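Throughout, read-outs are computed from the coordinates displayed, never taken from laboratory work. Just so it is clear, the model here is predicted, and its values are computed rather than measured. Neighbour counts are summed over all protein chains in view; Cβ atoms, including those assigned to glycine, are modelled from backbone coordinates with ideal geometry.
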Amino acid sequence: MKTGNVLLVAIVLLILATLGVQQWQLRERLSDLQTKLKQEFALESPPAPETNGVAEFQNAVTHLTARIAELETKVASLKRAAEQASRPRADSPPPTVESTTPTQPKRSWGPEQAAGAPDTHTAGDVSTAWASREPNAGLEWLKLDYERLVEIAQIRVRETYNPGAIAKVVAILESGVEMVLWEGVEPVVEAPIEMEFNTAGGVYARFIKLYLDTGRVAGWNEIDAVELIGRDGTRQWAKNASASSTYAER
C-alpha cells in the first residue's frame, strides 16, 4: 500500500473514532435529558413540588365550589322565607286603604274632583267628577299625584259618565319620563264602572296619567276617582289632580 493511502486510512479511522466518542456523548446527554424530563413530569419519580402545588390548587377549587353551592342553597332558602313572610295569611285583614285628603279646592267638574276617594255614587253628568271642557274634542288627559312612590300593580279608574274613552295609562317616573302601563281600546260599558288596568310590575312611580280619546264615546267622559294599588298591597287615592282641560273653566 502506498504511503499516501496508509495516511488516508489512518485519518479515516481517527475520524470514525472521534464520531464514535461524540455519538456516545450524545447518547449520554440524551439519557440525562430523559431522566430530567421524567423527574419534571413525575413519570417515574415522586411528585415534584410543582405537582404538589397543582394538587393543592385543585383541592382549593373543589372546596370553593362546594362552599359556593352551600351559600347558593342558603340564599335560595332565605328568598323562599322572605316570599312566604310577605304573603298575607289567609286569616289576615286586607291591606289598609290609605286615605289622602286632597289639597285643592274642588270646583264643579274640575280635575280636583278626581282626587280623593269616590264621591259620585250614581251614573250621570254629576259635578263631583272631572269632565273635559268640551265633549268629543279628541285627545284629553288627566294627571294624578299620589303621596307614596310604589311599585305599581294596578290602576283602578272609577268612570261615572260615558265610560270607554281611555286610550292609554302611563306612569310618570321621577325623571319625568312617561312609562306606558296600558294602551289599547277600553271596552264600552254602562256607568258607573271601576275599570282595572293591571301592570307587569317593575315600574315605581307616584304620578299616573290617563289619556282619553273623547271621540270614541259620545258625550262627556267623566272620571270620579283613580286608585293606585301597589305590589306591596297598599292602596292610595290621589292627593292632587290636573287635566288638559276642564268644564270648570266654562
Kindly state, to the nearest 0.05, the FRET efficiency for Glu174 paired with Arg107, given R0 = 30 Å and r defined as their beta-carbon distance.
-> 0.55
Modelled label-to-label distance, Glu56 and Ala200, 7 Å Cα→beta-carbon offset: nm?
-> 5.2 nm
Note: Arg231 to Asn136 extended length (0.36 nm per residue) minus current alpha-carbon separation gives 30.7 nm
Quick one: go through the range 210-250 and flag any residue whose amide nitrogen is under 19 Å from the point 7 Å out along the Cα-to-Cβ line of Asp119.
-> 222-228, 236-243, 246-249
Within the under-10-Å Cβ sphere about Glu178, not counting Glu178, Lys/Arg +1 and Asp/Glu -1 give a net charge of +2
Here the equivalent ellipsoid of the range 129-177, derived from its Cα gyration tensor, has semi-axes (largest first, whole Å) of 24, 13, 10
Total formal charge among the other residues, if their Cβ is under 10 angstrom from that of Gln113, Lys/Arg +1 and Asp/Glu -1 = -2
How long, wide and thick is the range 128-250, going by the Cα atoms along their three principal axes, in whole angstroms, largest first?
-> 37, 28, 24
